[in-house]
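Following: one structure in structure tokens, then a few remarks.
Just so you know, all these numbers are worked out from the coordinates, no wet-lab data involved. Remember, predicted model here, so these are calculated numbers, not experimental data. Every residue, glycine among them, receives a Cβ derived from its backbone with ideal geometry; neighbour counts consider all protein chains shown.
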Amino acid sequence: MSLVSLRPDQSDKTEARYHAGDPYIGMKMNMPTWLVTGGAGFIGGNFVLEAIARGARVINLDALTYAGNLDTLTSLTTNPDHIFVHGDIGDRLLVARLLKAYRPDAVINFAAESHVDRSIDGPAAFIQTNVVGTLALLETVRDHWRSLDDTQRDAFRFLHVSTDEVYGSLGAEGRFVETTPYAPNSPYSASKAASDHLVRAFHHTYGLPTLTSNCSNNYGPYQFPEKLIPLIIAKAIAGESLPVYGDGRNIRDWLHVADHCAAIRILLEKGRIGETYNIGGDAERRNIDVVETICQLLDNRRPRADGKPRTSQITFVADRPGHDRRYAIDASKLHNETGWSPQHTFEQGIADTVDWYLAHTDWIERALAGRYRLDRIGMQNQRENNE
């Protein structure tokens, strides 16, 4: 880990990786500079990779909790347009130094505790990061924004990345729209709902130029293996049972992470200040159908030695507490205002995703090198009720 001076005229230092030397050396004219929080996670990491490939300069702040994975960013090791900083969004002094040193055109906040099951077992961490941390980030960004000149203030954006889970659960009909009342049903979604409200309040109270996006379930490369799709792939390859919650008929709208990243980029360019935008993949699928599709793809690519179909590994298990029945996103506002639409069908996207994980089993192994070993989590209240 190298040390990099935040500005040539300052003695303050901060820990950084993948960049050594003065932050202004080699700076390209007219390239956007973005401060990305949570940029070593799944969606954030994909966003950083694509942003730099498209000519942006990224200051990447990540606390490297269990789901933060620097392996995702190895292709940027020698890229001077990527400045990685190990730190927390709640560290006001560090964030203020980064804002002053690099003067980003926008802050994109991916940083969050994001797994529902983990929030059931330990909700306090979700409140600390998603609520307290977001508040600290907003206050620090607000103070920085106030210090800018008129032109810089007008161009600045704070984009907060959130989830459709804040809306609660749908019945058999309808889709979430931006005016759907919030009704979070898990500690995770409650913490994200609180952070969304804080972002809204900072716009209306202080004038901070904010944007909020609420996305459906993401999938694609570099996703930590506790989530459904990479979990099923990893367990299927290992010959383990494939756990499906409840009756498997819970429905999610699946969004390829590359489509999500494209939506965020276009919102930075065309989104209306103070507005919320839903981002969905227009790909509703039952959980059991997703699992069976993965099994079929793996059977075609890497058959079991005994010739049995991998659907034989499916096991229905006790449902997650408070498991929302159905999510579905209406992204017509985003499409009508910006022209964005998802470019990946679920059929092609899931096939590409399976191929990526088959080609990167070493990434999965390193991601699982810590305490999490594909074990079932999120059952604390059942355990307590049984004691």
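A few notes on this one:
- Each residue in THR129, THR78 was given a count of other beta-carbon atoms within 10 angstrom of its own, and listing them fewest first yields THR78, THR129.
- Cα→Cβ-extended label distance, 7 Å offset, between SER341 and ARG146, nm: 4.5
- Gain in span if fully extended, ARG200 to GLN348, counting 0.36 nm per residue against the direct Cα distance: 49.7 nm
- Less than 5 angstrom separates the built amide H of ASN214 from those of SER162, TYR277, ASN278, ILE279, all sequence-distant by 5 or more or on a different chain.
- Within a Gaussian network of the chain (alpha carbon springs, distance under 10 Å), most fluctuating of GLY90, GLY349, GLY55: GLY55
- What the phi angles of the range 345-353 give under the Karplus curve with 6.51, -1.76 and 1.60, with θ = phi - 60°, is a coupling list of 6, 5, 4, 6, x, 6, 5, 5, 5 Hz, glycine and proline written as x.
- Applied to the range 243-259, the Karplus parametrisation 6.51 cos²θ - 1.76 cosθ + 1.60 on θ = phi - 60° returns per-residue 3J(HN,Hα) values of x, 10, 5, x, 9, x, 9, 5, 10, 10, 9, 9, 10, 5, 4, 5, 5 Hz, with x for Gly and Pro.
- Neighbourhood charge, 13 Å Cβ-Cβ cut-off, centred on ALA53 and excluding it, Lys, Arg +1 and Asp, Glu -1: +1
- Modelled this way, with points 7 Å down the Cα-to-C-beta line, the labels at THR65 and ARG301 are 2.9 nm from one another.
- Dipole orientation for the chain: of the candidates LEU208, PHE316, ASN69, ASN69 has the Cα lying most toward the positive pole (charges on Cβ; Lys, Arg +1; Asp, Glu -1).
- Helix axis angle, 134-146 relative to the chain longest principal axis, alpha carbon, degrees: 30
- Hz values of 3J(HN,Hα) by residue in the range 318-331 - Karplus curve (6.51, -1.76, 1.60), Gly and Pro given as x: 3, 5, 5, x, x, 5, 4, 6, 8, 10, 7, 9, 9, 9
- Counted by Cβ distance under 9 Å from GLY171, the other residues give a net charge of +1, where Lys and Arg count +1 and Asp and Glu count -1.
- By the count of neighbouring beta-carbon atoms within 10 Å, fewest first, SER119, SER191 end up ordered SER119, SER191.
- Using 0.36 nm per residue and subtracting the Cα-Cα separation, the extra length available between SER169 and GLU269 on full extension is 32.9 nm.
- D by Stokes-Einstein for the range 102-213, Kirkwood Rh over Cα pairs, 25 °C, 0.890 mPa s: 164 µm²/s.
- Proximal charge balance of THR293 [Cβ under 12 Å; K/R count +1, D/E count -1]: -1
- Debye, to nearest 20: dipole size of the chain, +1 on Lys, Arg Cβ, -1 on Asp, Glu Cβ: 300
- Length added when fully stretched, ALA96-LEU358, from 0.36 nm per residue minus Cα-Cα: 90.2 nm
- For the pair ARG286 and SER312, label points projected 7 Å from Cα toward Cβ lie 2.3 nm apart.
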